[in-house]
Amino acid sequence: MKAAVFHKIGDIRVDTVDDPRIEMKGDVILKVTSTAICGSDLHIYDGFFPQLRNQILGHEFMGVVEEVGPNVKDLKKGDRVVVPFPVACGGCFFCNNDLHTHCENSNPEFYGPEGNMLNGKGAGLYGYTDLYGGYAGGQAEYARVQYSEFNVRKVPEGMTDEQVLFLTDIFPTGWAAIDWANLKGGETVAIFGSGPVGLMAQKAAWLQGAKRVIAIDPLDYRLDMAKKNNNVETLNPHKVDVIEAIREMTSGRGADVCVDAVGTEAERSTMDKVKATLLMEKGTNKVMEMCFEAVRRGGTVTVVGVYGSPYNNFPVHRIFDKGLTIKMGQAMVQRYIDHLFDLVKNEKVVLNDIITHEIPLIEASHGYDIFKHKQDDCVKVVLKP
Ligand code: NAD
Ligand code: ZN
Ligand code: ZN
């Protein structure tokens, strides 16, 4: 079959590889019908998460069941399903506590309580390096899905791939960013990053009762999409002092909730890069720090942008002085997905309005290129095997 394979930093090619086959009794093999490129894939593409051997990428995918393992009872050939990105066994301590991205059984080699950069990681993730289980991903014609009955969700008749594809990751991720802040209704929510995850967090903020939603991004074309699709206010850090602007918009106090939907690969000045080199830091945590500044006293900062390494000079004094609540991490897709499916089915939210490019899988390398370099007004690339 054909698949998008990571070879080395900046080098993703569509190769001919072996078809996947049933390996565990609970597996299914999917014929992939749609799969997307995620900002998280860029961390592998850019070398922030090391991967030493070739690997099929892709953790946002859906398709039609082609073959089922001997223990699979509820799924059959021909069922159309979406697949949450974390691989969760459904039976361990963490799965039983709705903490699926910490599953104890899906990442046997590198799992552990430490949470280090190169060991003691969490659950397995599809197409996300050997550190996260070494699973072949879904940017391919076929994919093996483990613990399938616990994880996959059937797609109701009449719904298109594009309507439901983002239930695999980015809508639950945007939803988690807001859910963690426990809105009571009427809050001002400032969301840093208006990429696919930020756009989903904007939708989630309205649905969970925000009164005001502010999107921040240096790319005007992404802010234009945010305004048009999600009816939010926008700020471009190249044009205004974002912290000042947010305080002005909130009687000098700051936003009730700030969301970091950017992560370690935020845009950086040359000075930022020099500082990071001197401190031997990878990427930057500057957006997280901006959130601590822009949030009001007693407010909440949630972080779904990915961070993979430690940072010195962490502003612990500000967090203490302002008495902030902070919550970060991977999204528990399996916790939210059924509720979010209902929201889509009942037309409470539209997810496919962020797709700017739908291209054949065979052009994956071009897809990565335009998504990474923000060319051709690219926001979200869907690949069709
Ligand atoms: P993306 O790269 O398309 O979006 C990032 C956006 O941040 C871009 O639009 C960029 O212009 C903007 N940005 C850069 N510097 C900024 C700054 N200083 N201030 C404001 N905006 C800035 O990626 P994405 O797909 O939207 O993903 C965003 C992040 O979410 C990534 O780190 C990704 O790995 C992470 N993610 C996390 C989870 C999770 O479970 N926690 C799931 C999916 C994605
Ligand atoms: Zn993703
Ligand atoms: Zn588990």
Report task. Please go through region 57-102 and pick out each residue that is in contact with an Asp or Glu (Cβ under 7 Å, 6 or more places away or on another chain) and within 16 Å of ligand 3 (Cβ to nearest atom). Result -> Phe85, Cys92, Phe93, Phe94
Query raised in the report: Of the residues that sit in region 95-113 and are within 15 Å of ligand 1 (Cβ to nearest atom) and not in a loop (DSSP other than H, G, I, E, B), which one is nearest to Arg335 (Cα to Cα)?
Result: His100
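Restricting the search to region 313-342, which residues are out of contact with any Leu (no Cβ under 7 Å at 6 or more places or on another chain), outside any loop (DSSP other than H, G, I, E, B) and either among the hydrophobic types (A, V, I, L, M, F, W, C) or farther than 18 Å from Val164 by Cβ (or both)?
Val316, His317, Arg318, Ile319, Phe320, Asp321, Lys322, Thr325, Ile326, Lys327, Met328, Val333
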Query raised in the report: Are any residues in region 194-209 open to solvent by less than 10 Å² (accessible area, probe 1.4 Å) and touching a strand residue (DSSP E or B) at 6+ places or on another chain (Cβ under 7 Å), and if so, which ones?
Result: Ser194, Gly198, Ala201, Gln202, Ala205
Query - Hits in region 6-19 (condition: under 11 Å from Leu361 (Cα atoms) and among the β-branched types (Val, Ile, Thr)) - result: Val14
Query raised in the report: Got at least one residue in region 155-172 being in contact (Cβ under 8 Å) with a residue 12 or more places away in the chain and in contact with a Gly (Cβ under 8 Å, 6 or more places away or on another chain)?
Result: no
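For every residue, the table says whether it meets (1) open to solvent by 50 Å² or more (accessible area, probe 1.4 Å); (2) modelled with pLDDT of 95 or more; (3) closer than 25 Å to Asp161 by Cα.
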position: Val72; (1), (2), (3): no, yes, yes
position: Lys77; (1), (2), (3): yes, yes, yes
position: Val81; (1), (2), (3): no, yes, yes
position: Pro84; (1), (2), (3): no, yes, yes
position: Cys92; (1), (2), (3): no, yes, no
position: Asp98; (1), (2), (3): yes, yes, no
position: Glu104; (1), (2), (3): yes, yes, no
Query raised in the report: Within region 352-372, is even one residue part of a loop (DSSP other than H, G, I, E, B), more than 16 Å from ligand 2 (Cβ to nearest atom) and either in contact with a Gly (Cβ under 8 Å, 6 or more places away or on another chain) or not assigned by TED's automatic domain parsing to the domain that holds Ala123 (or both)?
Result: no
**Report entry** Residue tally, condition touching a residue at least 40 places away in the same chain (Cβ under 8 Å) and either more than 22 Å from Ala136 (Cβ to Cβ) or not hydrophobic (A, V, I, L, M, F, W, C) (or both), over region 96-125
**Finding:** 7
Report task. Would you please list the contacts, defined by Cβ atoms under 8 Å and residues six or more apart or on different chains, that run from a residue in region 290-309 that is open to solvent by 20 Å² or more (accessible area, probe 1.4 Å) to a residue that is within 16 Å of ligand 3 (Cβ to nearest atom) and of a type in the set (Asp, Glu)? Result -> none
Requested in this report: May I ask you to verify whether Val274 is part of a helix (DSSP H, G or I) and either hydrophobic (A, V, I, L, M, F, W, C) or within 26 Å of Val350 (Cα to Cα) (or both)?
Outcome: yes
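To keep it simple, each residue is scored yes or no on (1) among the β-branched types (Val, Ile, Thr); (2) surrounded by 18 or more Cβ atoms within 10 Å (Cβ to Cβ); (3) away from ligand 3 (no atom under 16 Å from the Cβ).
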{"site": "Thr284", "(1), (2), (3)": "yes, yes, yes"}
{"site": "Pro315", "(1), (2), (3)": "no, no, yes"}
{"site": "Glu347", "(1), (2), (3)": "no, no, yes"}
{"site": "Glu363", "(1), (2), (3)": "no, no, yes"}
{"site": "Gly367", "(1), (2), (3)": "no, yes, yes"}
{"site": "Pro385", "(1), (2), (3)": "no, yes, yes"}
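Quick check on region 25-41. Is at least one of its residues within 16 Å of ligand 2 (Cβ to nearest atom), hydrophobic (A, V, I, L, M, F, W, C) and surrounded by fewer than 20 Cβ atoms within 10 Å (Cβ to Cβ)? Break it down stepwise before answering.
Residues of region 25-41 that are within 16 Å of ligand 2 (Cβ to nearest atom), as a first pass: 32, 34-41.
Subsequent filtering for residues that are hydrophobic (A, V, I, L, M, F, W, C) retains 32, 36-38.
So of that shortlist, the ones also surrounded by fewer than 20 Cβ atoms within 10 Å (Cβ to Cβ) come out as none.
Within region 25-41, not a single residue is within 16 Å of ligand 2 (Cβ to nearest atom), hydrophobic (A, V, I, L, M, F, W, C) and surrounded by fewer than 20 Cβ atoms within 10 Å (Cβ to Cβ).
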Report summary line: Restricting region 297-313 to residues that are under 27 Å from Ile170 (Cβ atoms) and more than 16 Å from ligand 2 (Cβ to nearest atom), the one farthest from the chain's Cα centre (by Cα) turns out to be Gly299
Query raised in the report: Quick one: would you say Val349 is part of a loop (DSSP other than H, G, I, E, B) and of a type in the set (Val, Ile, Thr)?
Result: yes
**Report entry** Which numbered condition Leu343 fails, given (1) touching a residue at least 40 places away in the same chain (Cβ under 8 Å); (2) touching a Lys or Arg at 6+ places or on another chain (Cβ under 8 Å); (3) aliphatic (A, V, I, L, M)
**Finding:** (2)
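The values are calculated or read from the model by the stated rules, or taken from the named source; none is laboratory data. All figures in this text were calculated on a predicted structure; none of them were measured in a lab. Here the Cβ is made from the backbone with ideal geometry for all residues, glycine too, and neighbour counts use every protein chain on show. Side chains are part of the model used for accessible areas, which takes the heavy atoms of the whole protein and leaves out ligands, DNA and RNA. Shrake-Rupley method; radii C 1.70, N 1.55, O 1.52, S 1.80 Å.
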